[in-house]
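Only the coordinates and a few stated rules stand behind these numbers; no lab work does. Keep in mind that what you see is a predicted model, and the values were worked out from it rather than measured. Here the Cβ is made from the backbone with ideal geometry for all residues, glycine too, and neighbour counts use every protein chain on show.
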Amino acid sequence: MFSLFYVGIQVERKIGSVNFLIAYFLTGLIAGLASLNFNLFVVSVGASGAIFGIYAILIVDTIRKNPQNKVSIVVNFIIYLVVITLLGTRLNFDNTAHIGGVVSGLLVGLSYGKYKLRLVYAIGTVIILVSFIVSPRDQVVYFNSYQNFVSTDHHINKIINAGLNDKVFYDSLYRIKDLPQETIDDFRSNDFIRSQLRKDTSLIVEYLTLRSKQIDYFLEGLSRESFIYLDSVGLMAFKISTLPQIEYNLNFNSKPSPVKIEQDTLEQLNIVRQNYDANWFKVNSFEFEYYRIGQKDSLGNWHGRIEDYFKDGSIQMKGYYHRGLKDGIFIYYKSDSTYSSAGRYFKDNRIGKWEIYHKNGHLYSEIRHESGFAYVENMWDSVGNQFVKNRNGEEIYKHPNGTISHKGNIVDGLNHGFIESFYENGDLRFKEYHENGKLIKGVSYFDKNINTYDWSVYLPYPEGGFESFYEYIERENKLKSDSIEEFVVIRFDVHYSGELYDIRFLRRYHEKYNQYAQELLLKGPKWIPARRHGLEEITSIAEVTINF
């Protein structure tokens, strides 16, 4: 402002207040037009362009009055302009506006004395108007396309992060599935894109292409109720994250969206690595077969996104926990990184459709978990031949030598009627009778021994039976009180060796009581593992309720 006062007062004395005011605005407007036409998306404010214009008028007048010193005056003026321009390059001055102001000021100064200033101003005003009208509009067109891109991306992000149920999520995505391509077409419809913007345009097109593929994977997975597509969704997100930054970011009206943190608590969660042996028992040594990386809460429960890995570092599982319970989408992998199974848990229970895969990676079965049953919806052999369709069909498997290893009927999604299994030599291994999915009676044959059984063999139980177990709990429970009417429900895995592990709480009370209930369980009777077909011990799940 001091420059405007110092230079302006001298020019005003020479040409008069009205002419000065007109010259000031005329040179300022020309400086603005220069900035508009030669800069690329530069936000420029201030009066510096007009000040340079007034300064140029003063320089012309000084040379006119001191022609003998015109060389030194011109040289000093040029040095001044060079210094200011170099400073402006580092300090983000609008050098283009400065140059526009100087050029317009020189023209006004040179015209002064030869022509009436009002005529010069009139001609200058006409030139400004014409220049503004014929100025290229490509920046405006590109800016509008960019705002359309910002709006599209905001809309997509809002839907993806809204936590919608599957049906609403599908419907919402389907309605906008064409938005990325429409936005790409909008950019490509621009008649002219400046060379400086072509790299950004290519990045935006690549970004929107990846977004479009991401939406397609979401829709495909939701329509098939298949969660393996989330890996493809994640791959697209990873590719998006590796794209270079846009040089000309024109998202002036909004701040970048904060990263969504996948936790529902303000509690500090700790990132933990836990090693496991081949049976998924915790180990602290280097003799491990699997390891898990995830977050634990202050009570030691897994919480949030969890990933399990094979010893060699390849992925074994991706899933979500809530306070120690499986709660969300889980995808399991084989050691060769092909899929093993995928589905959803809710409060540690499988729900909805689960997909199971053959060793060769082909889909084996689609199982729907509902109302306490696991319904077989479709099944295929390892080469893709379907033998159960829409919950009905006959299961037949063969040994490598061609003899039948297993056969049985699936009716309305459940085992029904007789199921038979054979040894490779053709001898009967077991024969079972099922009614609507419930095992009524089975007979198994092993080493000339005959064993009869029913559905109860698939349930682990404490030595002495459950009645004896609850008598032990009643007897040893020192925290039980008439003033308290509470209980905890504990779920745990019973290994085929009888060892208990992966203890979690389906219903909690105060942590003191939770820990005490766990101690009672572990100090109590040993557990007898479940037996598949009455022949072999298997790992299975058990639950107990402890009252206080």
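A few remarks follow.
- Label-point separation, residue 176 to residue 78 (7 Å along Cα→Cβ), nm: 5.8 nm
- Modelled FRET efficiency - R0 60 Å, residue 427 with residue 193, Cβ distances, 0.05 increments: 0.20
- With the simple model of a label 7 Å out from the Cα in the direction of the Cβ, residue 382 to residue 541 spans 2.9 nm.
- Figure legend: label point modelled 7 angstrom from the Cα of residue 231 along Cα→Cβ; residues of the range 344-372 with amide N under 16 Å from it are 344, 355-365.
- Length gained when the stretch residue 155-residue 506 is fully extended (0.36 nm per residue, less Cα-Cα span): 122.6 nm
- Burial ordering of 192, 52, 387, fewest other beta-carbon atoms within 10 Å first: 192, 387, 52
- For the range 515-524, 3J(HN,Hα) computed residue by residue from phi via the Karplus equation (6.51, -1.76, 1.60; θ = phi - 60°) reads 5, 5, 4, 5, 4, 4, 4, 6, 8, x Hz, glycine and proline entered as x.
- Arranged from fewest to most other beta-carbon atoms within 10 Å of their beta carbon, 51, 15 become 15, 51.
- Neighbour-count ranking [beta-carbon atoms within 10 angstrom, fewest first] of 427, 493, 412: 427, 412, 493
- Spatial separation of Cα centroids for the range 140-188 and the range 473-510, in angstrom: 50 Å
- Net length available on complete extension from residue 144 to residue 441 is 99.6 nm, with 0.36 nm assigned per residue and the Cα-Cα distance removed.
- Sites residue 485 and residue 269 - FRET efficiency at Förster radius 30 Å, r taken between beta-carbons, to 0.05: 0.35
- Neighbourhood net charge (15 Å Cβ-Cβ; Lys/Arg +1, Asp/Glu -1) for residue 184: -3
- Farthest towards the positive end of the charge dipole of the chain, among the residues 527, 450, 102, is the Cα of 102, using unit charges on the Cβ of Lys, Arg, Asp and Glu.
- Reach of residue 199 by Cα under 18 Å, taken over lysines that are not fewer than 8 positions away in the same chain: 239
- Student exercise, the chain dipole from Lys, Arg, Asp, Glu Cβ charges, in Debye to nearest 20: 3260 debye
- Segment residue 287-residue 202, extension gain: residue separation times 0.36 nm, minus the distance between their alpha carbons: 25.6 nm
- Selection from 154, 418, 222 lying farthest towards where the dipole of the chain points positive, charges on Cβ: 154
- Separation in nanometres of the label points that stand 7 Å from Cα toward Cβ, at residue 496 and residue 409: 3.1 nm
- Prolate/oblate/rounded label for the range 391-453 (Cα gyration tensor, a/c 1.5): oblate
- As a calculated quantity, the FRET efficiency between residue 248 and residue 360 at R0 = 60 Å, using C-beta atoms, amounts to about 0.75.
- Length-normalised contact order of the chain in % [C-alpha pairs under 8 Å, at least 6 apart]: 6 percent
- Angle between the chain longest axis and helix 48-65 axis [Cα atoms, degrees, rounded to 10]: 20 degrees
- Cα lying deepest toward the dipole's positive end in the chain, options 26, 63, 378, charges on Cβ: 63
- Local net charge near residue 334, Cβ-Cβ under 15 Å (Lys/Arg +1, Asp/Glu -1): -3
- Note on the chain: helix-only mean residue ellipticity at 222 nm, from DSSP H runs of 4+ residues weighted -39500 (n - 2.57) and normalised by residue number, equals -13500 deg cm²/dmol.
- From the coordinates shown, Cα Rg over 2.2 N^0.38 Å corresponds to which of [x] 1.62; [y] 1.20; [z] 1.09: [x]
- Amide H to amide H, with H built 1.01 Å from N, residue 316 comes under 5 Å of 308, 309, 310, counting only residues 5 or more places away or on other chains.
- Length-normalised contact order for the range 138-241 - Cα pairs under 8 Å, 6+ apart - percent: 28 percent
- Gap separating the Cα centres of the range 529-548 and the range 279-354, nearest whole Å: 21 Å
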